[in-house]
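**Q** One structure follows; several queries about it will come next.
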Amino acid sequence: MTTATKTQGEPTKAELTWQEAKAKAQAMELEIAALIPKGTVVSIDQKKKGVLLSCNKTQHKWKGSTTITVADGTKINSIVKDIEAHYRANGLKVSADKDIDGKILVQIDPPAPGENYLVGGGVKPDEIWIDSGSPCFTLPEGIYPGGDF
């Protein structure tokens, strides 16, 4: 959304509310989950609430997660690699590494400041985990960033 300011001739980007930032991150979690082959998905559990983390001295980002349970025998590393390739092919900054258990962990970094997504194997062997971080935003005056959002 762009709006023109009275002091400048060029439009400026309207800042996201925390609710809009949360909705954007959750939509991306589901977009990533939709890349998992339908025949392997048993369930999708998107957390309704998350927390706020600091981006800098004045801004925060919403952090949440989604867990996808897949059928026994699903090759999770292969699916994670396919997700990596999809976002790399679409021009997003993507990096891959291995987590402490040796499972592939992919980080997707859209251009918005603060926005990022981690995709990898979950705690259980039949899970794929998506961790999200929304674009940065400024909380309204008087809103305490602690607790669930």
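The values are calculated or read from the model by the stated rules, or taken from the named source; none is laboratory data. Since the structure is predicted, the reported quantities are computational estimates derived from the model, not experimental observations. Quick reminder, even Gly has a Cβ in these numbers, built from the backbone with ideal geometry, and neighbours come from all protein chains shown. Please note that ligands, DNA and RNA were not included when accessible areas were found on the heavy atoms of the full protein model with its side chains. Shrake-Rupley method; radii C 1.70, N 1.55, O 1.52, S 1.80 Å.
**Q** Which of the residues spanning the range 92-149 are small (Gly, Ala, Ser) and in contact with a Gly (Cβ under 8 Å, 6 or more places away or on another chain)?
**A** Once the filter is applied, which keeps residues that are small (Gly, Ala, Ser) and in contact with a Gly (Cβ under 8 Å, 6 or more places away or on another chain), the range 92-149 yields Gly114, Ser132, Gly133, Ser134.
**Q** While we're here: Yes or no: Asp82 modelled with pLDDT of 95 or more and farther than 21 Å from Val42 by Cβ? Break it down stepwise before answering.
**A** Working: modelled with pLDDT of 95 or more: yes; farther than 21 Å from Val42 by Cβ: no.
Taking the combined requirement at face value, the residue does not satisfy it.
**Q** Still on this structure, please answer the following. Let me spell it out: the conditions are (1) more than 12 Å from Ile128 (Cα to Cα); (2) open to solvent by 30 Å² or more (accessible area, probe 1.4 Å); (3) part of a helix (DSSP H, G or I); (4) not β-branched (Val, Ile, Thr), and Lys57 meets all of them except one. Which number is the exception?
**A** Every condition holds for Lys57 apart from (3).
**Q** Let me ask something else about it. Picking from Ala27, Ala21, which residue would you name as being touching a His at 6+ places or on another chain (Cβ under 9 Å), at pLDDT 95 or above, under 17 Å from Gly133 (Cα atoms) and not in a strand (DSSP E or B)? Walk me through how you get there before you give the answer.
**A** Values: Ala27 fails: touching a His at 6+ places or on another chain (Cβ under 9 Å).
Result: Ala21 is the single residue among Ala27, Ala21 that is touching a His at 6+ places or on another chain (Cβ under 9 Å), at pLDDT 95 or above, under 17 Å from Gly133 (Cα atoms) and not in a strand (DSSP E or B).
**Q** Okay, moving on. Filtering the range 31-54 down to residues that are of a type outside the set (D, E, K, R) and in contact with a Ser or Thr (Cβ under 7 Å, 6 or more places away or on another chain), which residue is surrounded by the fewest Cβ atoms within 10 Å (Cβ to Cβ)? If you could, list the steps in order and put the result at the bottom.
**A** The initial filter retains those residues of the range 31-54 that are of a type outside the set (D, E, K, R), namely 32-37, 39-44, 46, 50-54.
Next, only the ones that are in contact with a Ser or Thr (Cβ under 7 Å, 6 or more places away or on another chain) stay: 33, 40, 42-44, 46.
Numbers: Ala33: 18, Thr40: 18, Val42: 12, Ser43: 9, Ile44: 16, Gln46: 15.
Among those that are of a type outside the set (D, E, K, R) and in contact with a Ser or Thr (Cβ under 7 Å, 6 or more places away or on another chain), it is Ser43.
**Q** So, one more: Are there strands (runs of 3 or more DSSP E) fully within the range 61-145 with at least 3 residues that are open to solvent by 20 Å² or more (accessible area, probe 1.4 Å) and touching a residue at least 40 places away in the same chain (Cβ under 8 Å)? List them.
**A** 127-133
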